[in-house]
Amino acid sequence: MPQQSVREAIRDAMSEEMRADKRVFLIGEEVADYQGAYKCSQGMVQEFGDKRVIDTPIAELGFTGIAVGAGMAGLRPIVEYMTWNFALLATDHILNSAAKTLYMSGGKVGCPIVFRGLNGVAAHVAAQHSQDFANWYMNIPGLKVVAPSNAADAKGLLKAAIRDDSPVVVLEHEVLYGHMGEVPEGDYITPIGKANVARAGTDVSIFAYSMMTVKALAAAEELAKQGISAEVVDLRSLRPLDVAAIKASVSKTHRAVVLEETWAAAGVGAEIMATISDHAWDELDAPVLRLSQLPVPLPYASNLETKCVPQVDDIVREVIALVGGQR
Amino acid sequence: MQAKSAMTSAMNSATPASTLKAVQAAKVGGKSGGKAALFGLPELQHWHRVMLEMRRFEEKAAALYQQKAIQGFCHLYIGQEAVAAGLKATSQADEFGGDDFITSYRCHALGLVCGLSMLEVMGELTGRVVGISKGKGGSMHMFEPSKGFWGGHGIVAAQVPLGAGIAFARKYEAEVLGQANTRVSFTLIGDGAMNAGQVFETFNMAALWQLPVVFVIENNQYGMGTSVPRAAAGELWKRGEPFGIPGEKVDGMDFLAVAEAGKRAADHCRAGKGPYLLEMDTYRYRGNSMSDPAKYRTRDDVENVRDSRDPIARLQQQLMTEHGMKESYFDEVDEAVKAAVNQCAEEALAAPQPGESELWTDVYPS
């Protein structure tokens, strides 16, 4: 299989879907002439022209509303946010216009649309440009939310999102854009709503998504050296959650760790813990462990920034304690 | 034509550049020469009846609200009928694809004028399964895309970029998908919404991309309880000017003036010249919603408008003086309309509430 970066996989997903369906178009800041602020749309305006790859002014609320209106009227927009931090300005249209209108209209007005961009803890850009919003969007009925951790899923989930008739939030990760991975050739789709056992294990289940999956896999490697067999479940979809996969893994290992870049309060981890409590309580041999961003705005200084987010060493240390019965 | 000339003189006090545009606009839309060409007697009778249907329908909704048969929010259109009727009256006929209409939560009358049945609207107001949204939207959320009616939006100003987005889709259909398309998006905006940031963002992009959208400001003088001069600096009809969007102020209590202006604006869009802005000078007789006692103005303020500018009485007067119609005709129409409204209310109230299975449908497409 060919090796690709995550950003190339994203570009290919969009380009392939735009070749297949002329109703699909890309809109956002710097997506056309600049080739994408993070080069995720490299070469696309050259191929598809400026009627389908559309640069917008810096006006997230306005261009999101326009895209949602176009989606309601029958097009299939892909909205790129330079970061999900900026999409805060557009949340009204994501929530009130895109996610709710199908229901409020008794099924008459839907909106097949993709909202995508980078999310999570970036490197050295301080608090306003560095936050994981996964829990905000996975709270909302009417939305689907995916957060890929590798190039293959970045392509497969994005293609699935573009074909989905629901509004789909795609949470990418800045640090992952340059990560290389194998991407299957051809029309590769990762179904929304299916988790992936990224590494099988027997002693403990580590549930993660996006960048945290990468850290979980590194931690599992280290744990193996210390005689602990950790299973890494890459959630991939945060709404809908793959409850069956969560239950199956906990039933196998009887211990669970949840990793997130969100703050702990009402975060992704809280939802996974509640899911385990609801569906696999009797399987647990230990309390569920959650590792989250510390509850402070992310600091700039590199030592503080590193300390703020669960790192591989932290995961290894905490999992050893959990498995050793010290939690 | 008193209102029109008063308006023209008001426009003359504007800045020089605006004045030119305003005077040109007043000239084009001005005298009644064009009016006879737009509508014959049967059409005028039809639109008179349509406005009366809106009025009686909303009065019935108010009565049902008092009886608690309608709950929550309920924003009535009484006084503003000429705007919805006038715009629809000169919009593109359905056989050519119709035009698109979108508005805020004050949406009952626009829904009716776009072709929803009274029962579909009243059913929704009363939360019944016969409602256009199966009772899941309520007063503020009604939609029928097949009739060019796009709602029905509860967040002030949100419908503005959505309406521009519908226009974006029409232009895209023509330019990228190769479909013959001359549809225009009539995007209605309350005066209160005109101060929201997304309106300016949308004006900018609509002008940049030359979208076929007519922004129609329904200036009913109050955003909830705050009068326009207390909320908006400058004049609303000029707000497109920095973006190169032509704008004009129209007597929104005059069906014919609205229709003429709507046609002028839509023709501009259909000619590929981009967006157009109309400020409709109108008035709502009731509070912002049924829960608003409207203490920010006097009863006399409302009575004065009702006595001097009422859009339905005005068209009736024109039909009587210019077409020799008799008072008895209007009495008969009114009786028939009231009967239809009463019947739709009875049918709505007799209909069941949505089944519990409806709770789980339409969250995601089936």
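May I ask you to verify whether residue B:334 is without any contact (Cβ under 8 Å) to a residue 24 or more places away in the chain, away from chain A (no Cβ under 14 Å) and open to solvent by 10 Å² or more (accessible area, probe 1.4 Å)? Judged against the criteria, residue B:334 is not a match. Being at pLDDT below 95, part of a loop (DSSP other than H, G, I, E, B) and farther than 30 Å from residue A:96 by Cβ is not true of residue A:178.
Quick one: in segment A:218-244, of everything that is small (Gly, Ala, Ser) and out of contact with any strand residue (DSSP E or B) (no Cβ under 6 Å at 6 or more places or on another chain), which residue is least open to solvent (accessible area, probe 1.4 Å)?
My answer is A:219.
Determine which single condition residue B:251 fails, assuming it passes every other condition in (1) open to solvent by 10 Å² or more (accessible area, probe 1.4 Å); (2) in contact with an Asp or Glu (Cβ under 7 Å, 6 or more places away or on another chain); (3) of a type in the set (D, E, K, R). Condition not satisfied by residue B:251: (1). In segment B:200-211, the residues that are more than 8 Å from every other protein chain (Cβ to nearest Cβ) reach residues that are of a type in the set (S, T, N, Q) and not in a helix (DSSP H, G or I) with C-beta atoms within less than 8 angstrom, at least six apart or across chains, in these pairs: B:211/B:185. Please go through segment B:141-169 and give me each residue that is open to solvent by 10 Å² or more (accessible area, probe 1.4 Å), assigned to a helix (DSSP H, G or I) and more than 7 Å from chain A (Cβ to nearest Cβ), ordered by number. Of everything in segment B:141-169, those that are open to solvent by 10 Å² or more (accessible area, probe 1.4 Å), assigned to a helix (DSSP H, G or I) and more than 7 Å from chain A (Cβ to nearest Cβ) turn out to be B:146, B:147.
Of all residues in segment A:69-92, exactly one satisfies the criterion of being within 18 Å of residue A:133 (Cβ to Cβ) and at the interface with chain B (Cβ under 7 Å from one of its Cβ atoms), namely A:92. Of the residues making up segment B:170-184, those that are of a type outside the set (A, V, I, L, M), crowded, with 24+ Cβ neighbours inside 10 Å and more than 8 Å from chain A (Cβ to nearest Cβ) number 1. Counting only residues that are assigned to a loop (DSSP other than H, G, I, E, B) and without any contact (Cβ under 8 Å) to a residue 40 or more places away in the chain, segment B:288-324 holds 3 of them. Is one or more of the residues making up segment A:285-300 within 22 Å of residue A:220 (Cα to Cα), assigned to a helix (DSSP H, G or I) and in contact with a helix residue (DSSP H, G or I) (Cβ under 9 Å, 6 or more places away or on another chain)? The answer is no, given that none of the residues of segment A:285-300 is within 22 Å of residue A:220 (Cα to Cα), assigned to a helix (DSSP H, G or I) and in contact with a helix residue (DSSP H, G or I) (Cβ under 9 Å, 6 or more places away or on another chain).
Rundown of residues vs (1) assigned to a helix (DSSP H, G or I); (2) outside the structural domain of residue A:100 (by TED's automatic domain parsing); (3) surrounded by fewer than 24 Cβ atoms within 10 Å (Cβ to Cβ), yes/no style:
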| site | (1), (2), (3) |
| --- | --- |
| A:135 | yes, no, yes |
| A:141 | no, no, yes |
| A:149 | no, no, no |
| A:152 | yes, no, yes |
| A:165 | no, no, yes |
| A:168 | no, no, no |
| A:191 | no, yes, yes |
| A:212 | yes, yes, no |
| A:216 | yes, yes, no |
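Provide a single number: the residues in segment A:93-104 that are open to solvent by 10 Å² or more (accessible area, probe 1.4 Å) and more than 9 Å from chain B (Cβ to nearest Cβ). So the answer is 1.
The values are calculated or read from the model by the stated rules, or taken from the named source; none is laboratory data. Bear in mind that the values here come from a model prediction, so they are computed numbers and not experimental data. Cβ coordinates were reconstructed from backbone atoms using ideal geometry, including for glycine residues, and neighbour counts include every protein chain displayed. For the accessible areas, the whole protein counts, side chains as well, though only heavy atoms, and no ligand, DNA or RNA atoms are used. Shrake-Rupley method; radii C 1.70, N 1.55, O 1.52, S 1.80 Å.
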